[in-house]
Amino acid sequence: MRWCSGKESNLNMKIVSGFALVTVVWALLTGDVKAADSPSAGKFGPHWKALLGEWKGETESGAGSGMCSFQFALSEHVIVRTNHAELPASGGGAVVHDDLMVVYPGATPEKARAIYFDNEGHTIEYAAEWSANGETLTFLSKSGPGPQFRLIYKKAGADGWTVNFEMAPPGQAGGFKTYTSGKLRRG
């Protein structure tokens, strides 16, 4: 192929661009393009549906208030949890905490991965797994140089959950202590 300048060069570029477009469209139509890092898409198992909906919360002592929701999004490929809590502050008033967690299916219907963000600038990656009996869901962060986190939801009757957020100090994986806990009721 001879490289040209002027009008001939523009025509050559249009032909090459057209060929590239046809190639991409053909690959998409025939399934030759696969999503990067996308193992076969998992599905959420039946235990996950128990979390769906709107929830009202309170701390174990009855102080503070809040609400959260778990909703399917993106054609049930993810579950989005939003959370708003108002916790008593020392000296009166309340501390507002907002967070967002996106949960996506894991290797089996009982497992998932999640990523958490909050209004304090924290980001936490979790692996999540249901207990065999479907009564407890545990989110566990990766261990590393900082603290490790564990978030545990346990069924409390037909329309409730207890929730524990625990931390283990750096270098003490498994040495979890409760940071905060509360109850959720379908709201």
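The values are calculated or read from the model by the stated rules, or taken from the named source; none is laboratory data. These numbers were taken from a predicted model, which means no experiment stands behind them. Virtual Cβ from ideal backbone geometry, glycine too; neighbours counted across all protein chains shown.
Structure summary
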| quantity | calculated |
| --- | --- |
| Matching residues in segment 67-82 - criterion: being under 21 Å from F44 (Cα atoms) and part of a strand (DSSP E or B) | C68, S69, F70, Q71, F72, A73, V78, I79, V80, R81, T82 |
| Any hit, segment 53-65, residues being at pLDDT below 95, farther than 19 Å from K154 by Cβ, of a type in the set (S, T, N, Q) and in a loop (DSSP other than H, G, I, E, B) | no |
| When residues of segment 83-97 are limited to those that are assigned to a loop (DSSP other than H, G, I, E, B) and not polar (S, T, N, Q), the one farthest from W55 (Cα to Cα) | G91 |
| Qualifying strands (runs of 3 or more DSSP E) (wholly inside segment 98-187; at least 2 residues being among the small types (G, A, S)) | 111-118, 123-130, 160-168, 177-186 |
| Residue that is modelled with the lowest pLDDT [pool: residues in segment 35-52 that are of a type in the set (A, V, I, L, M, F, W, C) and loosely packed, with under 11 Cβ neighbours inside 10 Å] | A36 |
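Condition check ((1) assigned by TED's automatic domain parsing to the domain that holds L52; (2) charged (D, E, K, R); (3) within 14 Å of the chain's Cα centre (by Cα); (4) buried (at least 16 other Cβ atoms within 10 Å of the Cβ)) across all residues:
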{"position": "N83", "(1), (2), (3), (4)": "yes, no, yes, yes"}
{"position": "L100", "(1), (2), (3), (4)": "yes, no, yes, no"}
{"position": "E120", "(1), (2), (3), (4)": "yes, yes, no, no"}
{"position": "E125", "(1), (2), (3), (4)": "yes, yes, yes, no"}
{"position": "A128", "(1), (2), (3), (4)": "yes, no, yes, yes"}
{"position": "L137", "(1), (2), (3), (4)": "yes, no, yes, yes"}
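Results for (1) without any contact (Cβ under 8 Å) to a residue 24 or more places away in the chain; (2) over 13 Å from L51 (Cα atoms); (3) surrounded by 13 or more Cβ atoms within 10 Å (Cβ to Cβ), shown as yes or no for each residue.
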{"site": "G134", "(1), (2), (3)": "no, no, yes"}
{"site": "L140", "(1), (2), (3)": "yes, yes, yes"}
{"site": "P147", "(1), (2), (3)": "yes, yes, yes"}
{"site": "R150", "(1), (2), (3)": "no, yes, yes"}
{"site": "K154", "(1), (2), (3)": "yes, no, yes"}
{"site": "A158", "(1), (2), (3)": "yes, no, no"}
{"site": "F165", "(1), (2), (3)": "yes, yes, yes"}
{"site": "P169", "(1), (2), (3)": "yes, yes, no"}
{"site": "F176", "(1), (2), (3)": "no, yes, yes"}
